[in-house]
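A.B. asks: Handing you this structure, nothing more for now.
The values are calculated or read from the model by the stated rules, or taken from the named source; none is laboratory data. Just so it is clear, the structure is predicted and the values come from calculations on it, not from any experiment. When we count neighbours, we look across all protein chains shown, and the Cβ atoms used for this are built from the backbone with ideal geometry, even at glycine.
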Amino acid sequence: MAIILNIETSTKNCSVSIAENGKLIALVEENDEGYAHGEKLHQFIQWAIEGTNYQLKDLNAIAVSKGPGSYTGLRIGVSAAKGLAFALNIPLISINSLQIIASAYKNQKYDYILPMIDARRMEVYTALFNPAIEEQSPTEAKVIDENSFEDLSNKKLLIVGDGAVKTKEILTHLEADYLAHFPSAKEMRELSYTKFIQNNFEDVAYFEPFYLKDFVAGKKKNES
């Protein structure tokens, strides 16, 4: 038996699920333009637990989206996951945010899946997955232009994520469907269970989010 709490905070979607042996038994999430993860995450965890027959002490592991994505969102999610794993003395599992998005479309009739998380302007975080959701290229921050992914121009693609639709008018040389999609803890259930049975755990003390890019704080409007 593996009861796993899954936490996803890499985008605007603050999402928590509980799964039993990879099967979803509770889900609480909200897509908030204000990125209010810090205010809502712990309440969502409590609500998710209350929606099951379990208590926090019954959990066997905590899984968290490790990034890439929002710097603040990832920091909040990982901090909560590490705190719970440490307090409950249970393993910590991390999952790539892009793999979480791609897993919602597992085994569909595409040659490849390109999940994209918006990184502002025409930049996205992306990686390439096959229909079995096996990574075919490493995660990267990529500025999209009319020459991007030319090597995939003869493939049927699914480009999906909160950064996908903005690329449609530029990537006209690709045969692709474009879908807006936010990563959800619902889609972590099988991924986290697989890592649990493989004993693929993180070091709770030293684990850090996969920010991919350094955080750069913006200046306030009244600053020169």
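A.B. asks: Right, GLU140: free of Cβ contacts under 8 Å to residues at least 12 places away in the same chain, surrounded by fewer than 20 Cβ atoms within 10 Å (Cβ to Cβ) and either over 15 Å from the mean Cα position of the chain (by Cα) or farther than 30 Å from ASP58 by Cβ (or both) or not?
C.D. replies: Values: free of Cβ contacts under 8 Å to residues at least 12 places away in the same chain: no; surrounded by fewer than 20 Cβ atoms within 10 Å (Cβ to Cβ): yes; either over 15 Å from the mean Cα position of the chain (by Cα) or farther than 30 Å from ASP58 by Cβ (or both): yes.
The answer is no for GLU140.
A.B. asks: A further question on this structure: Taking region 72-106, which residues are under 16 Å from the mean Cα position of the chain (by Cα), under 11 Å from VAL204 (Cα atoms) and surrounded by fewer than 20 Cβ atoms within 10 Å (Cβ to Cβ)?
C.D. replies: So the first thing to find is which residues in region 72-106 are under 16 Å from the mean Cα position of the chain (by Cα), and the list is 72-81, 92-106.
Those left that are additionally under 11 Å from VAL204 (Cα atoms): 78-79, 81, 92-94.
Answer for region 72-106, where residues must be under 16 Å from the mean Cα position of the chain (by Cα), under 11 Å from VAL204 (Cα atoms) and surrounded by fewer than 20 Cβ atoms within 10 Å (Cβ to Cβ): just SER79.
A.B. asks: Here's something else I'd like to know. Suppose we filter ILE170, ILE95, ILE144 for residues that are modelled with pLDDT of 95 or more and within 21 Å of ILE197 (Cβ to Cβ); which single one remains? Let's see the steps before the verdict.
C.D. replies: Numbers: ILE170 fails: within 21 Å of ILE197 (Cβ to Cβ); ILE144 fails: within 21 Å of ILE197 (Cβ to Cβ).
Being modelled with pLDDT of 95 or more and within 21 Å of ILE197 (Cβ to Cβ) holds for just one of ILE170, ILE95, ILE144, which is ILE95.
A.B. asks: What residue, of ALA132, ALA127, is modelled with pLDDT of 95 or more and either under 15 Å from the mean Cα position of the chain (by Cα) or more than 30 Å from ASN21 (Cβ to Cβ) (or both)?
C.D. replies: Values: ALA132 fails: either under 15 Å from the mean Cα position of the chain (by Cα) or more than 30 Å from ASN21 (Cβ to Cβ) (or both).
Answer to the selection: ALA127.
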